[in-house]
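Here the structure comes first, spelled out in structure tokens, and everything after it is commentary.
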Amino acid sequence: MRIGELARRVGVSTRALRYYEQRGLIRSRRSANGYREYDESDVRIVTEIRELMSVGFTLEDARPFVDCLRSGHPSGGSCPESVAVYRRKLAEIDREIRDLLARRSEVAAQFADACPGCLLRRGES
């Protein structure tokens with residue numbers, strides 16, 4: 001399939017697909033007239049990349065998932081390298097949550113000091 005069809009099927013721009021190709025995440029063949037041609041497997045690969053990016057993974061994070069799919073696994077997350085990326089990402093998110101909770105506690109304390117007797121409204125606690 002040509003780049004426009006792949007872009008429509010996965011809901012991304014052709015520019016994004018060219019960038020993924022430049023980064024080595026997808027591969028195209030060139031037809032006789034120079035058009036990029038993609039395989040059906042590229043639909044699954046680009047879908048995997050987009051799903052990972054939608055929850056905060058980077059393109060580099062997606063590389064082991066893509067490699068896993070290319071090696072024939074039904075899921076990009078089933079290879080040891082992908083599992084390691086999941087673990088690292090979860091640890092990163094946990095750190096961010098701890099940091100946010102600490103910042104929230106500090107702001108709540110400052111608010112309590114600045115406005116004794118003020119109550120946080122529902123949803124602000």
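The values are calculated or read from the model by the stated rules, or taken from the named source; none is laboratory data. Just so it is clear, the model here is predicted, and its values are computed rather than measured. Cβ coordinates were reconstructed from backbone atoms using ideal geometry, including for glycine residues, and neighbour counts include every protein chain displayed.
Only one of the numbered conditions (1) assigned to a helix (DSSP H, G or I); (2) over 26 Å from Leu6 (Cβ atoms) is not met by Arg121, and that is (1). Closer than 22 Å to Leu17 by Cβ and of a type in the set (A, V, I, L, M, F, W, C): is that true of Cys79 in this structure? Answer is no for this residue.
Filtering region 1-36 down to residues that are in a loop (DSSP other than H, G, I, E, B) and over 23 Å from Glu60 (Cα atoms), which residue is modelled with the highest pLDDT?
If we filter region 1-36 for residues that are in a loop (DSSP other than H, G, I, E, B), which is where we start, we get 1, 11-13, 23-28, 31-35.
Within this subset, residues satisfying the condition of being over 23 Å from Glu60 (Cα atoms) are 1, 31-35.
Working: Met1: 95, Ser31: 90, Ala32: 91, Asn33: 92, Gly34: 89, Tyr35: 90.
The extreme case among them is Met1.
How many residues does region 44-63 contain that are among the polar types (S, T, N, Q) and buried (at least 17 other Cβ atoms within 10 Å of the Cβ)? Summing the residues that are among the polar types (S, T, N, Q) and buried (at least 17 other Cβ atoms within 10 Å of the Cβ) in region 44-63 gives 0. Name the residue that is nearest to the chain's Cα centre (by Cα), counting only residues in region 54-101 that are hydrophobic (A, V, I, L, M, F, W, C) and assigned to a loop (DSSP other than H, G, I, E, B). Once the filter is applied, the top-ranked residue is Phe57. Per the conditions (1) in contact with a Cys (Cβ under 9 Å, 6 or more places away or on another chain); (2) under 20 Å from Leu6 (Cα atoms), the sole criterion not satisfied by His73 is (2). Within region 93-118, residues that are under 28 Å from Phe57 (Cα atoms) have Cβ atoms under 8 Å from residues that are surrounded by 10 or more Cβ atoms within 10 Å (Cβ to Cβ) and of a type outside the set (Ser, Thr, Tyr) in these pairs: Ile93/Gly56, counting only partners at least 6 apart in sequence or on another chain.
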